[in-house]
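Heads up, the thing below is written out as structure tokens.
The values are calculated or read from the model by the stated rules, or taken from the named source; none is laboratory data. Keep in mind it's a predicted model, so treat the numbers as computed, not measured. Quick reminder, even Gly has a Cβ in these numbers, built from the backbone with ideal geometry, and neighbours come from all protein chains shown. Just the protein is used for accessible areas: all its heavy atoms, side chains included, with ligands, DNA and RNA removed. Shrake-Rupley method; radii C 1.70, N 1.55, O 1.52, S 1.80 Å.
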Amino acid sequence: MKKKNAAALMAAAMAASLLVGCGGGAASSSAAASTAESTPAESTAESTAADTTADGDETLTVWAWDPNFNIYALKQAEAIYQKDHPNFKLNIEENVYSDIETKLITAATSEDYSTLPDLFLMQDYSYHKMVANFPGIYTELDNGGFNWDNFSGGKLADSTVDGHHYGIPFDNGASIMAIRSDMVEKAGLTVADFKDLTWTEFMDKAQKVVDANGVPMLTSSGGSELIIEMLQSAGASPVADGKVNIADNAALKESMTVYKEMVDKGILAEYTDWDQYIASMNDGKAAGVIQGCWIMSSIQAAEDQAGKWAIVNMPKLETVEGATNYANCGGASWAVSSNCKNTELAFDFLNSTFGASVELYDDLLPNAGAIASYLPASKSDVYNQPSEFYGGQTVYKDIVEFAGKVPAFDCGAYYSDVRSALTDAVTNVVQNNADIDSEMQNAQDTVEFNIAG
């Protein structure tokens, strides 16, 4: 069964770099530089890596992409770890993400893991798919001494399979609702009026903003991205206990109903072209957006709008008990391969940097725009500095706190299949007025067919 899926997974890996948004791990927002003193790095576990001997090798090879973001983060982590381990070195090999997945699948299908590095970065949406089909790629992290309580349950769920941890969370993909404070005020409302809302409450207020400004309240990249965020905020997965849960999913029906109503009322505008989607924010063609926090870098590209934006949490579903105002969209985590030459060193490096170092995350925020998934980072001076672009709001502290409230959400090994089927469903509902129940059943049938095949 595992090898039967290899060809399909190889094709998915080739297309991975084309994905954006929730599955795409786009770059996080840029942040203002800080002069605050960094907090010393902390470790949540005792160091297990032995001191270097004369002929010892403290080199780890790692695969990652994006020199200005992920690879920059690795270099800073290396420098921090070298303070106590002067002979330590990272051998960083840059690969686009689709190539990383292709190499992983090739190693697994050939059962030759010697080609793998010690560490690699993996987009969160791929973990369940890859672990289910190719578990031999990974070293489990359960006994690595990591303090999992320092990361949000929503983020950890992406790289936790059958109760076992396979990834150390890195960049934050917490969903935000970014809104134009000037447009909101023109409608006689305040930014605070848009916090902690239900979708019904949001639509009532959003309509006033639309009427006052003549533009939609929200812009959307179309497809199923916002639908999936709605589902996650309610902790309502389209896959439950390994079985597809789409056709009779009450949270999904409410999400699609709300989405369709917003489009029909002009509250939400869809842009299938990514550049036009970004331009709608920068050109004042929309008063807000709901997206992973990495969208902030695109918002901030319109420097003339400094002071006119604010960040709040997203609305929540009303019919689902326990629904929240929080979701996650995008991001990646660090994995240790089964070919790791020194797992004790790998664990200690990750534990001392991405798994515990406020100093590291204080550097990455202003210099790489990487917002931490490490929850204690929100208490640092750097994260508590006000942002002039967002009207003096301490947005980065708020976003890390949002991340800590995201419900666990899991599409199992079928994220890509679910996302594609739901995109077809919501497109037919919005553009062709198709029946929601029928489209949900079609999506259920499609995903089940793909799983069986």
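Contact order, relative form, for the chain: 29 percent (alpha carbon pairs under 8 Å, 6 or more residues apart, mean separation divided by residue count). Note on I371: accessible area approximately 0 square angstrom, rounded to 10, probe 1.4 Å, nucleic acids and ligands left out.
Probing with 1.4 Å while keeping every protein chain in the model, the per residue accessible area of region 117-211 equals 32 Å².
The 1.4 Å probe gives accessible areas that order E303, E140, largest first, as E303, E140.
As an exercise, identify the trypsin sites (Lys or Arg not before Pro) in region 187-263 lying in DSSP coil whose Cβ has no more than 15 other Cβ atoms within 10 Å.
On the way: sites: K195, K205, K208, K243, K253, K260; in loops: K195.
Filter output for region 187-263: K195.
Rounded to a whole number of µm²/s, how large is the Stokes-Einstein D of region 307-453 at 4 °C and 1.567 mPa s, given Rh as the Kirkwood radius over C-alpha pairs? In µm²/s, the coefficient rounds to 68. Among residues other than S181 with Cβ under 14 Å from its Cβ, the summed charge is +1 (Lys and Arg +1, Asp and Glu -1).
Which pairs break 32 Å Cα to Cα here: K75/K397; K75/K405; K155/K253; K129/K195? Let's see the in-between values first.
Details: K75/K397 24 Å; K75/K405 30 Å; K155/K253 24 Å; K129/K195 35 Å.
Going by Cα-Cα distance, K129/K195 fall outside the 32 Å limit.
In the chain, the DSSP beta bridges split such that about 65 percent are antiparallel, to the nearest 5. Between region 389-443 and region 158-182, the alpha-carbon centres lie 13 Å apart.
The listed residues F389, F194 rank as F389, F194 when sorted by accessible area, largest first, using a 1.4 Å probe. For K186, the aspartates and glutamates whose Cα falls under 19 Å of its own Cα, not counting residues fewer than eight places away in the same chain, are E201, D204, D211, D283, D304.
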